[in-house]
Amino acid sequence: MIWIGVLIVLLTFLAIIKRYETRLVLFVAGVAMALVIGKPLVAIDAFAKAMVNEGLVTTICTVMGFSYVMKLTGCDSHLVNFLTSLLKRFKFILIPGAIIMTWVLNIALPSTAGCAAAVGAVLIPTLIGAGVHPAMAAAAIMSGTFGSTMSPGLVHNPFVAKLANVDVMTVIAGHTSAVLIALAVAAPILTLVSYLRKEGPSAERAGKLAINEQDFKVNFVKALVPIVPLILLVLGSKMVGFIPAVTVPQAMIMGVILGFIVTLGNAQEISKSFFKGMGESYGEIVGIIIAAAVFTQGMETIGLTGALIEKMKESQDIARYAASFGPYLLAILSGSGDAAALAFNGSVTPHAAQFGFKITDMGSLATISGALGRTMSPVAGATIVCATIAGVNPMEIAKRTAPGMCVAIIAVLIVFSLK
């Protein structure tokens, strides 16, 4: 039974790499493993249970609803353009500055493809206009898209928090140092790559590739709105405690109300946009979690999870490397850091204590590694978005982001090994 389970898992990963519909693949694989053992209804029960996961559904849906309202009101554009105007004044730090800026904005706008589209639409033409090679400009934006690992709205953070029975800000605080080190590694390495390839800001290239920029008058109050919920969550977290504790849904709904007040928008349209974001996030994001729950239940039913746990008990190193390089490699191949990380965190991370790890550490390691792998994937949705804006082949972006992400995953592994 275990070897049949291994075969099904390998076929599942192959299907994900081939870019078949992720939810369908995970669901079918989970049911197939349960069916082999004669208990298909167990997998269906896991589906129903995951549908009403209170901590995950409320967090993810309200964050995405808030994100949709920020797009409708234009507050996200004001934030992006404000930061872009600062970047233009310091052209010598254009590339690392673009990475850091995207990284920061990805916390406020946790959808990777959505952030790449919003930020890339402004920053990529700005970098090209300054003489940066188009592929390098796109790579700079892509290299900052793992900032979402610091967002309470990223699916994995509340997922790990639920497993460890802690609040989401505790999970984020636990891996902040690792993510910052990854950023500190990735930004200089891409800058070095741009220097070696002679693709940095160039007066000659700027003359040929200059673009006509539209004037955009930044409203600083509107620019502040997207980060207000994050400020509230940090100030109300257990580590800071400056204000009473604020839940993610509370912070996001307060942000929506603030966005309405600041923009004096149409209340009916804002309401429609908020609930549209909630609905689409349930189908697109929570749907993957539900399908992953079926997959992990199938692994457990057929006995594969138990066998893996027993093997990992033999060595902490095996568990550590599996949590880091497993999601990392699959994310590179499939373009999604979610499927592998969710599958790992659903099946293995709950047993972290048996390997000598904290649940939050093992879960965060899998989360970060999946994000870094996706950042250097030529088939990731965000890579394709950036490539389209820059007018280059996605593989050209991956070639430039790969060195930084390869070193970053090693640095992250070292940080968690020292804990």
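The values are calculated or read from the model by the stated rules, or taken from the named source; none is laboratory data. Everything numeric in this text was worked out from a predicted model, so none of it was measured. We place every Cβ from the backbone using ideal geometry, glycine too, and count neighbours over all the protein chains shown. Ligands, DNA and RNA are stripped out before the accessible areas are found, and what is left, the full protein with its side chains, is counted by its heavy atoms. Shrake-Rupley method; radii C 1.70, N 1.55, O 1.52, S 1.80 Å.
Round to the nearest 10 and give me the degree value, 0 to 90, for the angle of helix 394-417's Cα axis relative to the longest principal axis of the chain. The angle comes out at about 60 degrees. How many angstrom lie between the C-alpha centres of segment 1-66 and segment 315-365? Here the answer is 16 Å between Cα centres. Cross-link pairs exceeding 27 Å between alpha carbons, from the set Lys162/Lys276; Lys18/Lys198; Lys18/Lys399; Lys49/Lys358; Lys18/Lys71; Lys399/Lys419: Lys18/Lys198; Lys18/Lys71; Lys399/Lys419.
The coefficient of translational diffusion for segment 1-149, derived via Stokes-Einstein from the alpha carbon Kirkwood radius under 4 °C and 1.567 mPa s, stands at 71 µm²/s.
For segment 2-15, the Karplus equation 6.51 cos²θ - 1.76 cosθ + 1.60, evaluated at θ = phi - 60°, returns couplings of 5, 5, 5, x, 4, 4, 5, 5, 4, 5, 4, 4, 4, 5 Hz by residue, with Gly and Pro reported as x. For the residues Gly363, Gly287, Gly144, a GNM of the chain with alpha-carbon springs under 10 Å puts the largest fluctuation on Gly287.
Most tightly packed first, judged by the mean number of other beta-carbon atoms within 10 Å of their residues, the peptides 183-189, 130-136 read 130-136, 183-189. Between 0 and 90 degrees, the angle of helix 267-281 with respect to the longest Cα principal axis of the chain falls at about 40 degrees.
The average projected area of the chain, computed from the convex hull of its Cα atoms over all directions, is 19.8 nm². Counting only heavy atoms of the protein chains and using a 1.4 Å probe, Tyr20 has close to 140 Å² of accessible surface. Residue by residue, segment 373-390 carries 3J(HN,Hα) couplings of x, 5, 5, 10, 8, x, 10, 5, x, 5, 5, 5, 4, 5, 5, 5, 5, 7 Hz when phi is fed to the Karplus relation 6.51 cos²θ - 1.76 cosθ + 1.60 (θ = phi - 60°); x denotes Gly or Pro. The orientation-averaged projected area of the convex hull spanned by the Cα atoms of segment 316-357 comes to 2.6 nm².
What whole-number distance in Å separates the alpha-carbon centres of segment 257-294 and segment 94-167? If you average the Cα positions of each part, the centres end up 20 Å apart.
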